[in-house]
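The values are calculated or read from the model by the stated rules, or taken from the named source; none is laboratory data. This one's a predicted model, so the numbers in the text were calculated from it and none came from an experiment. All Cβ positions, even for glycine, are placed from backbone atoms using ideal geometry, and neighbour counts span all protein chains on display. Remember, those area values only see protein heavy atoms, side chains included, never the ligands or the DNA or RNA. Shrake-Rupley method; radii C 1.70, N 1.55, O 1.52, S 1.80 Å.
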Amino acid sequence: MESASVMIHVRFAPNGTVIEISERPPALSPQDWFNCLSDKAGMEYQALSGGRGVFRLTRNMVDALKAGSPHRRMA
């Protein structure tokens, strides 16, 4: 059985920093979560207009990335 699809929505500030991102673990800032997703699943990212974008991942992949994320905010 195939895992459900998840769309992680990203919203950027005019300067390019991430100000909002879905499915974010509480221990990570929006930018840190985006960096983690970009490192591990960058090929699944789609840029959209208006300072937005989405990652299209499976639920299993999102859960695995969350489980592997640091438990504290990275400096």
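Give me a count of the residues in the range 9-33 that are touching a Ser or Thr at 6+ places or on another chain (Cβ under 9 Å) and among the hydrophobic types (A, V, I, L, M, F, W, C).
Total meeting the criteria: 5.
Results for (1) hydroxyl-bearing (Ser, Thr, Tyr); (2) modelled with pLDDT of 95 or more, shown as yes or no for each residue.
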position: 24; (1), (2): no, yes
position: 42; (1), (2): no, no
position: 46; (1), (2): no, yes
position: 49; (1), (2): yes, yes
position: 70; (1), (2): no, no
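Restricting to the range 14-25, what's the tally of residues that are in contact (Cβ under 8 Å) with a residue 24 or more places away in the chain, surrounded by 11 or more Cβ atoms within 10 Å (Cβ to Cβ) and over 9 Å from the mean Cα position of the chain (by Cα)?
Qualifying residue count for the region: 1.
Is there any pair with a first residue in the range 26-51 that is touching a residue at least 24 places away in the same chain (Cβ under 8 Å) and in a helix (DSSP H, G or I) and a second that is open to solvent by 30 Å² or more (accessible area, probe 1.4 Å) and of a type in the set (A, V, I, L, M) whose Cβ atoms are under 7 Å apart and which are 6 or more apart or on different chains, and what are they?
32/74; 41/61
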